[in-house]
1. Do you know which residues across region 16-35 are in contact with an Asp or Glu (Cβ under 7 Å, 6 or more places away or on another chain) and at pLDDT 95 or above?
2. Whether any residue in region 2-14 is more than 16 Å from residue 67 (Cβ to Cβ), part of a loop (DSSP other than H, G, I, E, B), of a type in the set (A, V, I, L, M) and open to solvent by 20 Å² or more (accessible area, probe 1.4 Å) is what I want to check.
Amino acid sequence: MDTAEIESKVIQFIATKVENLDTSTITRSSKFEELGLDSMDTIQLLFDAEDTFGINFDSEEAKGFTSVGDIISYIENHQAQASS
């Protein structure tokens with residue numbers, strides 16, 4: 001998957017997990033708090049993303065995630081490492 005595909009899939013995934021959230025309101029720079037997610041919601045989101053995208057987030061690194069872009073970047077980097 002290229003960056004645009006990953007971004008699109010992550011945004012669609014998040015929109016399905018957060019009630020009353022339209023994909024058009026989510027961008028790479030959207031902060032989890034702005035989307036109505038508290039820390040527990042964010043943890044659950046990451047667990048679900050692991051299953052959906054077939055990756056495992058490093059728990060220490062994931063603690064610093066604050067935005068949609070953090071998830072996208074992590075998937076991009078993980079995908080790049082897996083293919084090399």
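1. Of everything in region 16-35, just one residue is in contact with an Asp or Glu (Cβ under 7 Å, 6 or more places away or on another chain) and at pLDDT 95 or above, namely 28.
2. no
The values are calculated or read from the model by the stated rules, or taken from the named source; none is laboratory data. In this text the structure is predicted, and so the values were computed from the model without any measurement. Every residue, glycine among them, receives a Cβ derived from its backbone with ideal geometry; neighbour counts consider all protein chains shown. The accessibility values were calculated without ligands, DNA or RNA, using every heavy atom of the protein model including side chains. Shrake-Rupley method; radii C 1.70, N 1.55, O 1.52, S 1.80 Å.
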